[in-house]
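Here the structure is laid out as C-alpha cells; the discussion comes afterwards.
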Amino acid sequence: MSIAQAEPLHGIAMHGQPALDANFTHFPYVNPDVKKGGRVNYGVVGTFDALNPFVLKGMRTTARGVWDPEFGNLLYEPLMARSSDEPFTLYGLLAETVEWDDARSYIQFNINPKARWHDGQPVTPEDVMFTFELLRDKGRPPFSSRMNSVEKMEKVGDRSVKFTFNDKANRETPLIFALGTPILPKHAINPETFDQAGLEIPVGSGPYRIREMRPGEKITWARDPDYWGKDLPTKVGLDNYDEISVTYFLQDSTLFEAFKKGDIDIYPDGNAAHWQRAYNFPAATNGDVVKDVFNPGLPSGMLGFVFNTRRPIFADPKLREAMSMAFDFEWLNKTLYDNAFKRTQSFWQNSDLGAFGNPADEKELALLGPAKDRIPAAILDGTYTLPVTDGSGGDRAVLREAVRLFGEAGYSIKDGKMTGPDGNPLAFEVMTQNADQEKMALAYQRALQLIGVDMTIRTVDDAQYQARSNSFDYDMIIKAYTSSLSPGAEQIFRWGSTSRDAEGSFNFAGAADPDIDRMIDALVNARSREDFQSAVRALDRLLVAGHYVVPLYHIGEQWVARWAYIGRPEGTPLYGYQRPTWWDARVQ
C-alpha cells in the first residue's frame, strides 16, 4: 500500500473521485447566504409511538426527523454526509477525514474534534464502536448485519476508529458504514432497554432537539443554536428553520385540506389528476401557493403490485407473467389519471443503468452466464415492453394471451373460474393502505374478473399495514422501489436470498435466486463504472424476467406545492429537491 493511499481524505466516492476538492465551502445546490430562522410545518399520513427507528418495534412507527433522509437527520447523524449532486459521494461530518486503501480492505474514520452530543459530551471512537456492537445485538436489519463483514474493529489513537473487513465485505461496504449507520451516544443509552422503542427523548448530535411531542399527533423540533457542525461545508445552507413541526394525519385528503388552510407549508403531490385539478382554491389562484416541478436526473424506480412468492400460488413465474399481462394499464391511465403517466418497463428506466432500451453487450452476457438462457430474447436486447391494450378495460386480444400464459402454468377456466392444476380456483387478496391504492387495486380486480380470477381487496390502517408488511403477511401488496444512480447493498435487502425470511427486510416479493445474488454481488464489487453498469443492467433483466412485480407507472418529475413564504434554492441537484436546503423567507 502506498503512502498516498493512507493519507486522510476529505471525501470518498463509490466510483471515481469526489467532484468537490478539500477546500470546498458548501454544496453547489444550497444557498450559502440564507438567513436562518422562522419555522416550517410538515404533514404526513400515519402515526408514531416511538423514537427509535433502528429496532423492529419502532421500525415504521418512529417520529419523523429522528433519522430521516427526506426531512433531514435532525437528531442522529452518520459519520459522513452525502452529496445530492453526485451518484454516490460522501464528505466529512462526524468523521472529519477518512483513510482507506485501494482494495477497500479497511476504512478508518477520524472523528472531528469539534463533534459534540447535545449534552456537551464529545463524540468519541468509543461511541462509534458501541453503536456498531449495539445495533449488531439489538438492531433490526440491515443495521444488525453490518458487523458480519468486519474482521476487526479497533480504536486508533485518540479519535479514530478503524474497521478491517473480511471476505463478506464488498467495495460499497466502507461507504455504507460511513453513511448508513447513525452514531449513538454510549454514555446516554442503556443497552438492556434499547430494543423497547419507547418515547424517552434521546441524546443526539444533530442540528435539532425535540421541543414538544404529542404521540401519534405531532412532534416539534427546535434548532440547536449550539449545534457543533453548523459551519461544516456539508452543513452550510442546510437546517435553516428555527422550528420544524411534523403533524400526523389519518388520511391524505385531510392533510391536503390542512395545507390549503396554511396549517401545513409544503405538500409533495404524486397524483396526476390531483396535481392538475385540486389547486383552484384562492391561495393557489392568487399566488400565495406555488406549484413547483422538479426534474431530477434519477431513474424511474418501480411502483407496482408485488407478488409474495412465499405464497405457493405465486411461486411460478409463468403464472406471475400471466397475471401481469391481464392488468390494463391504458384503461387505468385514461380513466383515473387523464393519461398523465408513462408505463414503467424496468427498475432503472430513463438511465444508462436500465435494461429497457439498452441491449445486453458481451460483458453483460458474460456476467449473466447460463442465466441468460432463461431470459427472453426481447428482455436481453432491450426491446421488451408490457402489452398495450386498447384502453377499453377488456381488450380481448391481450386477455386471450394472458389466458394462454395461464395455460402454460397449468391453469384453465372451468365454470367461469380460473382453476389451477390442483382443482382449486385462483383466489388471493391484495393489501392496500389508502384510497389511491384501493382505486388501482379495483382496476386490477375488474380486469382479473373477466378471466375468472378472484382478487379481493383489504384496506387496513397504518399500524396493521406496517406490522403485516414487516412479517410478509399478505398475498400481494403495492410498493414503490426507488432507484438511484448508485444501487448497492440495499439491493440485498430488497432481492437477496439472505433477506427473504429476515423479518423487517424490504424483500417484499420473497425473491431468492442465486443468479440475482450474483448480480448484486457484482454490482457492489464493481471497480469501474462500466462493470457497474453491466451488473445493474443484468440485475434489472433478471427482475423483469422474474415478474416479481406488476409494473405501474412513473412520472419522471417531482411535483411539490408550497406556500410562497417558503423559499428554496434555484437549481435542482441530481437527486431532486432537498427539503433541508429550503428556508422561511419571512425571516428578515
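Just so it is clear, none of the values below were taken in a lab; they were calculated from the coordinates. Given the structure is predicted, the values throughout are model-derived calculations rather than measurements. Note that each Cβ is placed from the backbone with ideal geometry, even for glycine, and that neighbours are counted across all protein chains shown.
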- Query: How many Å³ per residue does the convex hull of the Cα positions in the range 204-246 occupy?
  - Reply: 74
- Table column - 3J(HN,Hα) (Hz), the range 232-248, Karplus curve with 6.51, -1.76, 1.60, x for Gly and Pro: 5, x, 7, 10, 4, x, 10, 6, 8, 8, 6, 9, 10, 10, 10, 9, 9
- Please work out the Cα center distance from the range 104-134 to the range 441-517, rounded to the nearest Å. 36
- Note on the structure: In order over the range 7-13: 3J(HN,Hα) from phi, Karplus 6.51/-1.76/1.60, θ = phi - 60°, whole Hz, x for each Gly or Pro, gives 5, x, 10, 7, x, 9, 10
- Task: Please give, to one decimal in nm, the separation of the simple spin-label points placed at Asn295 and Glu217, each 7 Å out from Cα toward the Cβ.
- Result: 4.5
- Listed here are the pairs Lys36/Lys261; Lys36/Lys230; Lys318/Lys439; Lys414/Lys479; Lys57/Lys218; which of them are more than 23 Å apart at the Cα? Lys36/Lys261; Lys318/Lys439; Lys414/Lys479
- Scan [x] 40, 30, 23; [y] 67, 26, 20; [z] 92, 38, 18 for the value of semi-axes √(5λ) of the Cα gyration tensor in Å calculated from this model and give just the label. [x]
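Beyond 22 Å, what share of the Cα-Cα pairs of the range 322-469 is found? Please give it as a whole percent.
55
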- Message: Between 0 and 90 degrees, rounded to the nearest ten: what's the tilt of helix 514-525 against the longest Cα principal axis of the chain?
- Response: 30
- Message: Compute the angle between helix 529-546 and the longest alpha-carbon principal axis of the chain, please, reported from 0 to 90 degrees and rounded to the nearest 10.
- Response: 40
- Message: For a quick check of your reading of the filter: which GluC sites (Glu not before Pro) in the range 64-131 sit in a DSSP loop and have no more than 16 other Cβ atoms within 10 Å?
- Response: Glu70
- Note on the structure: Scoring only Lys, Arg, Asp and Glu (+1, +1, -1, -1) among other residues with Cβ under 15 Å from the Cβ of Asn52 yields -1
- Centre separation in Å (Cα based) which lies between the range 219-283 and the range 541-588: 13
- What order do you get for Thr193, Thr389, Thr247 when you list them from fewest to most C-beta neighbours inside 10 Å? Thr193, Thr247, Thr389
- Message: Against the 2.2 N^0.38 Å scaling, with N counting residues, where does the range 302-554 land? I'd like the Cα-based Rg ratio to two decimal places.
- Response: 0.99
- Message: Could you compute the net charge surrounding Pro376? Neighbours are other residues with a C-beta less than 11 Å from the C-beta of Pro376; K and R count +1, D and E count -1.
- Response: 0
- Item | For Arg343, distant residues with modelled amide H under 5 Å away | none
- Write down the percent of antiparallel bridges among all DSSP beta bridges whose residues are both part of the chain, to the nearest 5. 80
- Item | the range 360-397 versus the range 10-30: alpha-carbon centroid distance in Å | 38
- Checked the range 448-588 against the a/c 1.5 cut and the a/b vs b/c comparison, axes a ≥ b ≥ c from its Cα gyration tensor; verdict oblate
- What full-extension length gain, to one decimal in nm, is calculated for Asp352 and Ser528 as 0.36 nm per residue of separation minus the Cα-Cα distance? 61.9 nm
- Item | Positive dipole terminus of the chain, leading residue within Ile266, Gln17, Tyr227 (C-beta point charges) | Ile266
- Quick one: dipole size for the chain, taken about the Cα centre, charges +1 on Lys/Arg Cβ and -1 on Asp/Glu Cβ, in debye to the nearest 20. 640
- Message: Compute the angle between helix 435-449 and the longest alpha-carbon principal axis of the chain, please, reported from 0 to 90 degrees and rounded to the nearest 10.
- Response: 20
- Query: What are the semi-axes of the equivalent ellipsoid of the range 204-287, taken as the square roots of 5 times the eigenvalues of the Cα gyration tensor, listed largest first and rounded to whole Å?
  - Reply: 31, 17, 11
- Task: Could you go through the range 554-561 in sequence order and give the Karplus-derived ³J(HN,Hα) for each residue, using 6.51 cos²θ - 1.76 cosθ + 1.60 with θ = phi - 60°, rounded to whole Hz, and x for Gly and Pro?
- Result: 9, 9, x, 10, 10, 10, 9, 9
- Message: For a quick check: sort Arg562, Arg136, Arg404 by the number of other beta carbons within 10 angstrom, fewest at the front.
- Response: Arg404, Arg136, Arg562
- Task: Could you list which residues have their amide H under 5 Å from that of Val55, counting only those 5 or more apart in sequence or on another chain, with H placed in the peptide plane?
- Result: Arg140
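Based on other C-beta atoms within 10 Å, arrange Val398, Val156 from fewest to most. Spell out each step's value before the answer.
Details: Val398 21, Val156 13.
Placing the least packed residue first, the sequence is Val156, Val398.
Want the number for Ser392 to Gln276: 0.36 nm per residue separation, take away the alpha-carbon distance, what's left?
Here the answer is 39.4 nm.
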- Express as a percent, rounded to the nearest 5, the fraction of DSSP beta bridges in the range 302-554 (both residues included) that run antiparallel. 65
- Item | Low-density loop cleavage sites - trypsin sites (Lys or Arg not before Pro) in the range 58-122, where at most 13 other Cβ are within 10 Å (DSSP) | Lys114
- Message: I'd like the trypsin sites (Lys or Arg not before Pro) in the range 461-529 restricted to DSSP loop residues with at most 10 other Cβ atoms within 10 Å, sorted by number.
- Response: none
- Message: Quick query: amide H of Gly393 versus all other amide H atoms, modeled in the peptide plane; which residues come in under 5 Å with a sequence gap of 5 or more or a different chain?
- Response: Trp331
